[in-house]
Amino acid sequence: MQGLLLVNLGSPKTPTTKDVKQYLKQFLGDQNVVTLPKWFWQPILKGIVLPMRSWRSATFYQHIWLKEGSPLIVYTQKITDQVQKKLPNWQVKMAMTYGEPSISQQLFALKKSGCNQITVLSLFPEYTLSTTASIIEQVKATQIPTKIIDRFYQYGSYQDAFANHIQKAWDQKNYDQLFISYHGIPSSEIKHGDPYLDECLSHTEMLKKRLNIPEDKIKMVFQSKFGPMPWLKPYLKNSLLETVQKGKRNILIAAPSFVTECLETIEEDYTQNYQTFRENGGENLDLVPALNDDPQFIKFIADLVQEKVQTENE
């Protein structure tokens, strides 16, 4: 039997300070996420970052929490359920890099249920150390043989699905600008060979070719900066303010890094960036919905994993 594990980032169990602190401790304690030496970073994390950030992040999670739970978990489960319907002869599960259900827990469950071939799909379109590398490390630590699909931005059928999503949103209003906003990473990681920036640039160019939007109205930016070190630029928040100052007050944001709604889309973009934008003279700031369980995206995932397994078995 074939098994498929879809892996997303993760979320606190509840939007309480205690659970958010536990989640952040695991997330920010990962050396792929914060690459500073442990002897230097751990005292800062435990003594300053967690005490100051946990309660604040908890309030943000409380703003976005759904009746069913964390949006990221809820929508990843919806994707999992829909892919399962497309692959009735497979066993399809989801896992989180941080929090639950864990990668190891779900891989052992798939193996125990009789899956002799397991495919792991990272739900991050581009590869980067701070997300994908941790998935791969956790998978390998189980010593369960798997096929890992570590990126998928480059596939035309995925590009078609996301471009259709953007175009549908763009056509709703008379927007002045489209920001294609990726999750940022420290600039130093690119200097050390991380392919993320090149893949974001390639992703953007592929989208431009599929969109019926003038190229001078499309700009690639980065969001979600954390800490004092330089991250990939231009920053979304700065770009929003610059654009308003130029008289462009109707903006649409597409966020390719996030296939499900999450803290970065709902709280950071819909709330924080929206408030800053409006306070500085902006009029309309909208976000292209995440793909979530969009039928075209679900079909892409099902087709991709079947194709990979078939190629490997030939």
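Of the residues in segment 162-195, how many are closer than 30 Å to residue 28 by Cβ, among the charged types (D, E, K, R) and either part of a helix (DSSP H, G or I) or not assigned by TED's automatic domain parsing to the domain that holds residue 266 (or both)?
The number of residues fulfilling the criteria is 2.
Quick check: anything in segment 29-44 crowded, with 19+ Cβ neighbours inside 10 Å and either hydroxyl-bearing (Ser, Thr, Tyr) or in a helix (DSSP H, G or I) (or both)?
Scanning segment 29-44 turns up no residue that is crowded, with 19+ Cβ neighbours inside 10 Å and either hydroxyl-bearing (Ser, Thr, Tyr) or in a helix (DSSP H, G or I) (or both).
Looking at (1) on the phi > 0 side of the Ramachandran plot; (2) of a type outside the set (A, V, I, L, M, F, W, C); (3) in contact with a Gly (Cβ under 6 Å, 6 or more places away or on another chain), find the lone condition where residue 98 falls short.
Only one criterion is unmet by residue 98, namely (1).
Check off (1) more than 25 Å from residue 5 (Cβ to Cβ); (2) surrounded by fewer than 17 Cβ atoms within 10 Å (Cβ to Cβ); (3) modelled with pLDDT under 95 for residue 250 and give me the number that stays unchecked.
(3)
Return the total of residues in segment 293-314 being closer than 22 Å to residue 254 by Cβ and crowded, with 19+ Cβ neighbours inside 10 Å.
4
In segment 44-63, which residues are among the hydrophobic types (A, V, I, L, M, F, W, C) and touching a helix residue (DSSP H, G or I) at 6+ places or on another chain (Cβ under 9 Å)?
45, 49, 50, 55, 58, 60
What's the total number of residues in segment 119-151 that are part of a loop (DSSP other than H, G, I, E, B) and polar (S, T, N, Q)?
Of the residues in segment 119-151, 4 are part of a loop (DSSP other than H, G, I, E, B) and polar (S, T, N, Q).
Please find, among 54, 11, 70, the residue that is surrounded by 16 or more Cβ atoms within 10 Å (Cβ to Cβ), hydroxyl-bearing (Ser, Thr, Tyr), under 24 Å from residue 152 (Cα atoms) and within 22 Å of the chain's Cα centre (by Cα).
The match here is 11.
For residues in segment 173-191 being in contact (Cβ under 8 Å) with a residue 12 or more places away in the chain and more than 20 Å from the chain's Cα centre (by Cα), which is farthest from residue 284 (Cα to Cα)?
188
List every residue pair whose Cβ atoms sit under 7 Å apart, with the two residues 6 or more apart in sequence or on different chains, where the first one lies in segment 223-250 and is on the phi > 0 side of the Ramachandran plot and the second, anywhere, is surrounded by 13 or more Cβ atoms within 10 Å (Cβ to Cβ) and at pLDDT 95 or above.
Once the first residue is on the phi > 0 side of the Ramachandran plot and sits in segment 223-250, its partners that are surrounded by 13 or more Cβ atoms within 10 Å (Cβ to Cβ) and at pLDDT 95 or above give 224/183; 224/184.
Restricting to segment 94-125, what's the tally of residues that are among the charged types (D, E, K, R) and within 20 Å of residue 13 (Cβ to Cβ)?
Total meeting the criteria: 1.
The values are calculated or read from the model by the stated rules, or taken from the named source; none is laboratory data. As the structure is a prediction and not an experimental result, all values here were calculated from the model. Please note: Cβ atoms are built from the backbone with ideal geometry, for glycine as well, and neighbour counts cover all protein chains shown.
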